[in-house]
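The block underneath contains the structure these notes are about, expressed in structure tokens.
The values are calculated or read from the model by the stated rules, or taken from the named source; none is laboratory data. Bear in mind that the values here come from a model prediction, so they are computed numbers and not experimental data. Virtual Cβ from ideal backbone geometry, glycine too; neighbours counted across all protein chains shown.
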Amino acid sequence: VDFVPVDFNAESVDEKLREHEGFESGQHSVIMLEGVTQYIPKESTADTLKRLRTVVSPGSTLLITYSPAEWVANVHNSKKPVAMRKLLHSAKIVGEPWISGWTPEEFAAFLKDMGYLVMSDTTAENYNDMYMGAVGRRLD
């Protein structure tokens, strides 16, 4: 497992992968974009996904997260509005405000338009129920 740092607003993910020692574009890869899409404009997410398709082998897997549009638009729509308000405020203070949110339908259509096949889409709550509860932890 390799971590490839990318500033998605200023750098090209395909160039960063090509420069990364150990990355081979002809090999199947698992690309994980966790906690990225809420911090960058939707146009940057689209550009990133387009560029990934030029360098990542067909049959590779993309794991990507997105934040619900209603949370980004209004923290009171989240299940924990006080905690969400603190999180969004902290992100803004450090210069990383949440600027993009998606509905599940919008994100699925977006991925399809980018040429990706959605195999699964789940919420943090469902993920907690399926995986984290058994080990006594939660994603909140």
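Going through the range 116-140 one residue at a time, which ones are touching a helix residue (DSSP H, G or I) at 6+ places or on another chain (Cβ under 9 Å), at pLDDT 80 or above and surrounded by fewer than 11 Cβ atoms within 10 Å (Cβ to Cβ)? Of everything in the range 116-140, those that are touching a helix residue (DSSP H, G or I) at 6+ places or on another chain (Cβ under 9 Å), at pLDDT 80 or above and surrounded by fewer than 11 Cβ atoms within 10 Å (Cβ to Cβ) turn out to be LEU117, ARG137.
Got a number for residues in the range 30-59 being part of a loop (DSSP other than H, G, I, E, B) and acidic (Asp, Glu)?
1
The residue pairs whose first member lies in the range 110-123 and is farther than 20 Å from LYS42 by Cα, whose second member is β-branched (Val, Ile, Thr) and at pLDDT 95 or above, and whose beta carbons are closer than 9 Å, counting only pairs six or more residues apart or on different chains, are MET119/THR61.
With respect to the conditions (1) over 29 Å from GLU125 (Cβ atoms); (2) in contact (Cβ under 8 Å) with a residue 40 or more places away in the chain, LEU17 falls short on a single one, namely (2).
Does LYS42 fit the bill of being in contact (Cβ under 8 Å) with a residue 40 or more places away in the chain and either among the aliphatic types (A, V, I, L, M) or within 26 Å of ALA10 (Cβ to Cβ) (or both)? Walk me through it before giving the result.
On the way: in contact (Cβ under 8 Å) with a residue 40 or more places away in the chain: yes; either among the aliphatic types (A, V, I, L, M) or within 26 Å of ALA10 (Cβ to Cβ) (or both): yes.
Against the criterion (in contact (Cβ under 8 Å) with a residue 40 or more places away in the chain and either among the aliphatic types (A, V, I, L, M) or within 26 Å of ALA10 (Cβ to Cβ) (or both)), LYS42 qualifies.
Check whether at least one residue in the range 67-86 is hydrophobic (A, V, I, L, M, F, W, C), over 21 Å from TYR39 (Cβ atoms), touching a Phe, Trp or Tyr at 6+ places or on another chain (Cβ under 9 Å) and surrounded by 13 or more Cβ atoms within 10 Å (Cβ to Cβ), and report yes or no. No; the residues of the range 67-86 include none that is hydrophobic (A, V, I, L, M, F, W, C), over 21 Å from TYR39 (Cβ atoms), touching a Phe, Trp or Tyr at 6+ places or on another chain (Cβ under 9 Å) and surrounded by 13 or more Cβ atoms within 10 Å (Cβ to Cβ). Restricting attention to the range 31-57, and to residues there that are of a type in the set (S, T, N, Q) and over 17 Å from LEU117 (Cα atoms), which single residue is surrounded by the most Cβ atoms within 10 Å (Cβ to Cβ)? Among those residues, the one meeting the criterion is THR37.
Restricting the first member to the range 83-99 and to residues that are touching a residue at least 60 places away in the same chain (Cβ under 8 Å), and the second to residues that are in a helix (DSSP H, G or I) and of a type in the set (Val, Ile, Thr), the beta-carbon pairs closer than 7 Å and six or more apart or on different chains are TRP98/VAL72. One residue stands out among those in the range 49-88 that are under 16 Å from the mean Cα position of the chain (by Cα) and hydrophobic (A, V, I, L, M, F, W, C): the one that is farthest from ASP14 (Cα to Cα), which is TRP71.
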